[in-house]
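Chemist: The following block contains the structure, expressed as structure tokens.
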Amino acid sequence: MEPIRMIRSRTVVIASTNIDTDQLMPARFLTTTTREGLGQHLFADWRYDAAGQPIPSFVLNQPQAKGCQILVAGRNIGCGSSREHAPWGLYDYGFRAVVSTEIADIFRNNSLKNGLVPVVVDEATHAWLLENPGAEISIDLESRVLRLPDGREVTFPMESFARYCLLNGVDETGYLLSQIPAIEAYEQRIGA
Amino acid sequence: MNPTTLFEKIWRAHEVVAQTADTPAVLYIDLHLTHEVTSPQAYSMLRERGLPVRRKDRTLATMDHSTPTDADQLFGRIPIKLESAAQQVSQLEKNCAEFGVELFAVGSPHRGIVHVIGPELGATQPGKTIVCGDSHTSTHGAFGALAFGIGTTEVGHVLATQCLLQRKPKTLAVNVEGALPAGVTAKDLVLAIIRQLGVSGGTGSVIEYRGSTIRGLSMDERMTVCNMSIEAGARAGLVAPDETTFAYLKGRPRAPQGADWEAAVARWRTLVTDEGATFDREIHIDATTLRPMITYGTHPGMSVAIDEAIPSDGDAVYQKALSYMGLTAGQSMLGQPVQYVFLGSCTNGRLSDLAAAAHLLKGRRVAAGVNFLVVPGSDAIKREAEALGLDRIFKDAGADWREAGCSMCLGMNGDTVTKGAYCVSTSNRNFEGRQGVGSRTLLASPATAVAAAIAGHVADARQLS
């Protein structure tokens, strides 16, 4: 995984609350056996009509969304299914961070493992971000600070180990494999 | 020793390495359930790193999500219509053969929805840690197991190490007291709980369901409740094991046998929250006030009692949900025409669900214009239902009796609801497009599903019996 220290980008705002992973990646795209190319299906049913044509009113189909790496979403994004295809799709599309007041547990875990930074902010900051789509903001993972265009700094929580892994491009699988001696000792202790 | 919660006891017993300020706990996983949709990329990871499946004896695989429920397609008499689904199924067969993982493939008498077969086999047991790449893994918590859904990267972690890196969640007690009124089911109870908690009320928490109402539920009913814990945002839901649990498990093929059984039960009896233990949060529900529930919106928290009007106070997102559903504030759900009824899923696809539905349906007909799909949760349930003649009741009434699978709960196996159509569904999610592009899902109990199938519109099942 690529180390991530700083994400600086304009935002895309999708203000709906409770954006579930079925919206992020509808089930009919889960029959894939790889993790590549899912960006094209991100928000498929909000993004395309029945004929597969882009729906112009949807933000991801608008020119200002191009190149944006930060998605600002309504409260409780990522609820529902555990499908990792949702963060795979967001990452493949080009997003590197998701900002909301609440981020669902499994989606947050899955995002962290794929270089997609889940950022939980307070209501006031969130309200400002929702009202100012396209704002150029930065997310500094080192200091756990989100910077607004006027220089205001907002600290966000981030589990220390996940942050370490993101900053250093460390993959958790390798860390877990280094624990094999402790796992073997545990198995012996419980007779597993 | 300090009084501790059931959750805390299971957690501590599985700590290979305890969490610190800098590192999460290394948590041992007793049972890893896998299926075709969320495992292929995890097996690819093993291959890339040259790793084996560390504990094949703690890993089970089945195929359920993308398998068709149409017998001709399932048993290969005609090709599976969805080519990508067929490919995914064959990839699982290849992966399990290559890595030596036990697979309940098509034709196996044990195949079924992953959360139905674990309990059925007796592999789901009190005190175990159980994970699966599926959010409804919370179902297994009905047995007093700590069970939660994980993503595919974590599926890879468990395949490779039998462990996960986890921060300890908070605890949330849902206390339910009193007898459920006649005609009110476990599904209605859990929909009422989610309505009270909200769809993110359980985020970061493990729920323990407690109280006289929960103690009085059968295992099937407890599974229905625990299954939907994730719909309140909680990764896991627990019920302390008791005589009901032990009676269910006794004699099942993967349950402890002989002298081991007595020892296991003695151990399981200690799996309770001690008197005086505290939870991070508690809520209370009076079961005696509950009515049959049905959803009207696009998440499982948007529900009303069957005879209650759709609330009219809502923001723009709420209005958008109603508009998607084609419903209006102030409207009663009773009388709302439906085109599909789905009985099945890991929430309500067990034998008691089918039996309750058949009991109400017997001697009646499915209304013209209603497509009523009945999908057993597993092959074993299908056989048992057929032995009891339930299939005849469904077929005679005009319902479609299918092979086991996830089916219409999620639109990825060919069973879908057409755009704009309404489906009363015993499944767990009413998200936009969940049952097919443009589908409109009304979540309810098997009884309410049958009432709708007979009437052709949303109806109160209490007036049927």
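Chemist: Give, as ranges by residue number, the residues of the range B:420-443 whose backbone N falls under 17 Å from the point 7 Å along Cα→Cβ of B:Glu308.
Modeler: B:442-443
Chemist: Two decimals, Cα atoms only, Kirkwood Rh: what is Rg/Rh over the range B:6-166?
Modeler: My calculation of the ratio gives 1.00.
Chemist: Separate question: Considering Cα pairs under 8 angstrom that are at least six residues apart, work out the relative contact order of chain B and quote it in whole percent.
Modeler: 17 percent
Chemist: Using a 1.4 Å probe, how large is the accessible area of B:Met45, given in Å² and rounded to the nearest 10?
Modeler: Rounded to the nearest 10, that gives 30 Å².
Chemist: To continue, here is another question. Of A:Glu2, A:Glu84, which has the most accessible area with a 1.4 Å probe, and how do the rest follow in descending order?
Modeler: My answer, sorted largest first, is A:Glu2, A:Glu84.
Chemist: Kirkwood Rh over Cα pairs of chain A into Stokes-Einstein at 25 °C, 0.890 mPa s: D in µm²/s?
Modeler: Once the numbers are plugged in, D ends up at 139 µm²/s.
Chemist: With a 1.4 Å probe and all protein chains left in place, how much of the accessible area of chain B comes from carbon and sulfur atoms, in whole percent?
Modeler: Using a 1.4 Å probe with all protein chains present, chain B comes out at 52 percent carbon and sulfur.
Chemist: Would you work out the charge dipole size for the protein assembly as shown about its Cα centre, treating the Cβ of every Lys and Arg as +1 and the Cβ of every Asp and Glu as -1, and quote it to the nearest 20 debye?
Modeler: With only Lys, Arg, Asp and Glu charged at Cβ, the dipole is about 520 debye.
Chemist: Right, another one. May I ask you to give the solvent-accessible area per residue for the range A:1-59, in square angstrom, as obtained with a 1.4 angstrom probe?
Modeler: For the range A:1-59, the per-residue accessible area is 45 Å².
Chemist: Run the simple label-point estimate for B:Ala387 and B:Asn2 please: 7 Å along Cα→C-beta, distance reported in nm.
Modeler: 4.9 nm
Chemist: Rounded to the nearest 20 Debye, what is the dipole magnitude of the range B:6-166 about its Cα centre when Lys and Arg each give +1 and Asp and Glu each give -1 at the C-beta?
Modeler: With Lys and Arg at +1 and Asp and Glu at -1, about 280 debye.
Chemist: For the range A:6-190, what % of the accessible area comes from carbon and sulfur atoms, probe 1.4 Å?
Modeler: Ligands and nucleic acids excluded, carbon and sulfur reach 50 percent.
Chemist: Now for a separate question. Give me the 1.4 Å probe accessible area per residue for chain B, excluding ligands and nucleic acids, in Å².
Modeler: I get 32 Å² per residue for chain B.
Chemist: Another question, if that's okay. Starting from the Cα gyration tensor of the range B:245-390, multiply each eigenvalue by 5, take the square root, and state the resulting semi-axes largest first in whole Å.
Modeler: Equivalent ellipsoid semi-axes, largest first: 38, 27, 13 Å.
Chemist: Largest first, how would B:Lys419, B:Lys170, B:Lys9, B:Lys187 line up by accessible area (1.4 Å probe)?
Modeler: Putting B:Lys419, B:Lys170, B:Lys9, B:Lys187 in descending order of accessible area: B:Lys419, B:Lys170, B:Lys9, B:Lys187.
Chemist: Another question, if that's okay. Can you give me the C-alpha center-to-center distance between the range A:129-167 and the range B:162-211, rounded to a whole angstrom?
Modeler: When both Cα centres are located, 33 Å separates them.
Chemist: I would also like to ask the following. How large is Rg/Rh for the range B:293-463, to two decimals, with Cα atoms and a Kirkwood Rh?
Modeler: That ratio equals 0.97.
Chemist: So, one more: Would you mind working out the magnitude of the charge dipole of chain A relative to its Cα centre, with +1 at each Lys and Arg C-beta and -1 at each Asp and Glu C-beta, to the nearest 20 Debye?
Modeler: With Lys and Arg at +1 and Asp and Glu at -1, about 280 debye.
Chemist: Summarise the long-distance tail of P(r) for chain B by giving the % of C-alpha pairs beyond 35 Å.
Modeler: The proportion of pairs with Cα distances above 35 Å equals 28 percent.
Chemist: Below 15 Å Cα-Cα, how many Lys pairs turn up in chain B? Only count pairs eight or more apart in sequence, or on different chains, if you could.
Modeler: Lysine pair count for chain B: 5.
Chemist: Taking just the C-alpha trace of the protein assembly as shown, give me its Rg and Dmax in Å.
Modeler: Computed over the Cα atoms of the protein assembly as shown, radius of gyration and Dmax are 23.6, 72 Å.
The values are calculated or read from the model by the stated rules, or taken from the named source; none is laboratory data. Please read all numbers here as calculations on a predicted model, not as lab measurements. Ideal geometry is used to build each Cβ from the backbone, glycine not excepted, and the neighbour counts take in all protein chains shown. SASA here: full protein model, heavy atoms, side chains in, ligands and nucleic acids out. Shrake-Rupley method; radii C 1.70, N 1.55, O 1.52, S 1.80 Å.
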